[in-house]
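For reference, the structure is listed below as structure tokens.
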Amino acid sequence: MIKTPLSGRELQCLEWVSLGKTSWETASILGLSERTVNFHLRNACRKLNVYGRQAAVVKAVRSGLLHKGSMESGENSAINPDYSPISEPVTA
């Protein structure tokens with residue numbers, strides 16, 4: 001059981017990690033800095049009592065905090081129903 005609930009931003013970052021996005025890509029998508037994304041991912045790992053982003057995703061899915069493939073299948077994000085995973089193309 002998870003004692004401290006994950007914040008919306010922590011869950012959002014984990015959702016993008018579950019889709020294989022890097023911290024840099026997630027930052028670009030969410031309009032954050034890469035450092036901020038890493039901050040949220042570290043907090044999520046600490047709260048989930050795991051080491052590493054992949055382990056955090058697995059534990060979040062198994063705990064029912066993330067729905068496997070929710071963003072890929074076109075379902076609304078658990079964080080914000082108005083949020084679209086489709087973003088503007090990232091330019092280098």
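One line per residue, one yes/no per condition, for (1) among the aliphatic types (A, V, I, L, M); (2) within 23 Å of T4 (Cα to Cα):
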position: V17; (1), (2): yes, yes
position: T26; (1), (2): no, no
position: S33; (1), (2): no, no
position: N38; (1), (2): no, yes
position: L41; (1), (2): yes, yes
position: R46; (1), (2): no, yes
position: Q54; (1), (2): no, yes
position: A60; (1), (2): yes, yes
position: G64; (1), (2): no, yes
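For first residues located in segment 15-34 and closer than 23 Å to K68 by Cβ, partners that are among the polar types (S, T, N, Q) and lie 6+ apart or on another chain with Cβ distances below 8 Å form the pairs E15/S70; E15/S77; W16/T26; V17/T26; V17/Q54; S23/N38; I29/S87; L30/Q12. Which residues, taken from segment 5-41, are over 16 Å from V61 (Cα atoms) and loosely packed, with under 14 Cβ neighbours inside 10 Å? If the condition is that a residue be over 16 Å from V61 (Cα atoms) and loosely packed, with under 14 Cβ neighbours inside 10 Å, then T22, W24, G31, S33, R35 are the ones that fit. Taking every residue in segment 36-49 that is closer than 12 Å to R9 by Cβ and free of Cβ contacts under 8 Å to residues at least 60 places away in the same chain and pairing it with any residue that is assigned to a helix (DSSP H, G or I) and acidic (D, E), at least 6 positions away or on another chain, the pairs with Cβ-Cβ distances below 6 Å are H40/E10; N43/E10; A44/E10. If you go through segment 42-51 and pick out every residue that is outside any helix (DSSP H, G or I) and under 15 Å from S63 (Cα atoms), you end up with 2.
Every number here is computed from the coordinates shown, using simple stated rules; none is lab data. In this text the structure is predicted, and so the values were computed from the model without any measurement. Cβ atoms come from the backbone with ideal geometry, glycine included; neighbour counts cover every protein chain shown.
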